[in-house]
Amino acid sequence: MTSALFGLSSLAPEGVGQNFRSTMRRFPATVTVITACASGDQRDHGMTVTAVTSVSMEPPSLLVCLNNRTLLHELLLCRPDFIVNVLTQDQIALSDAFSGKVSPEERFRDGQWQRHDNGVLYLPTAHAAIACRRVAAMPYGTHTVFIGQVVSADVSETTRPLLYENAQYCAASPASLPA
């Protein structure tokens with residue numbers, strides 16, 4: 001049904017999938033840890049995600065793309081509150097932990113996590129912390145695009161965001177222009 005609704009073809013031309021994967025590997029992205037918690041039992045969960053971008057300034061909103069098979073995907077379908085923690089270039093270990101190298105039960109042991117008014121953990125030492133409320137979820141292929149309306153946003157003026165490109169971490173720095 002989704003494929004027909006959005007004009008998707010289940011068969012891509014030969015080689016397009018691999019070429020697209022290779023292209024996206026070289027597409028720098030900001031590294032975030034998205035946090036949420038299950039309602040009732042306050043079971044916290046977080047996952048490293050690079051598919052995050054702004055949608056609109058009015059109302060302030062962003063989108064997050066999550067694989068349909070992840071626990072975070074299920075939590076965002078069940079509970080609308082989540083936080084996008086934009087990591088600093090000094091927080092590679094946190095990114096690794098939340099990307100699956102550490103069990104979900106152990107991930108929040110590192111870092112100075114605090115609970116936001118919405119009940120979700122956030123990282124005050126991150127480059128930015130953006131609290132959102134899910135207002136839409138659109139399945140597409142293997143992923144779901146979640147739209148979150150921003151309820152609060154804080155950014156550090158003294159840190160730089162962590163980037164990821166071609167399977168390695170990178171640091172953001174101003175580009176120098178020729179004189």
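The values are calculated or read from the model by the stated rules, or taken from the named source; none is laboratory data. All figures in this text were calculated on a predicted structure; none of them were measured in a lab. Virtual Cβ from ideal backbone geometry, glycine too; neighbours counted across all protein chains shown. Quick note on the areas: whole protein, heavy atoms, side chains included, nothing else; ligands and nucleic acids left out. Shrake-Rupley method; radii C 1.70, N 1.55, O 1.52, S 1.80 Å.
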Please calculate the 1.4 Å probe accessible area of Phe20, with all protein chains present, and give it to the nearest 10 Å². 130
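For segment 95-179, which GluC sites (Glu not before Pro) are in a loop by DSSP, counting at most 15 other Cβ atoms within 10 Å?
Here the GluC sites (Glu not before Pro) that fit, given the DSSP loop and packing criteria, are Glu105, Glu106, Glu157.
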Rounded to the nearest 500, what is the chain's calculated 222 nm mean residue ellipticity when only DSSP H runs of at least 4 contribute -39500 (n - 2.57) each, over all residues? -3500 deg cm²/dmol
Relative contact order for the chain, counting Cα pairs under 8 Å that sit 6 or more residues apart, in percent: 26
Inter-label distance, nm, simple model (7 Å from Cα along the C-beta direction), Met24/Val151: 3.0
Among Pro124, Gly111, Leu66, flag the residue with its Cα farthest along the positive direction of the charge dipole of the chain, charges on Cβ as +1 for Lys/Arg and -1 for Asp/Glu. Leu66
Please list, by residue number, everything in segment 85-114 whose backbone N is under 20 Å from a paramagnetic label point 7 Å out along Cα→Cβ of Ser173. 87-93
Label model pair Leu77, Ser99: point-to-point distance (7 angstrom along the Cα→beta-carbon line) in nm is 2.6
Taking amide H positions as placed in the peptide plane 1.01 Å from N, state which residues far from Ala172 in sequence (5 or more) or on other chains have amide H under 5 Å from it. Leu163
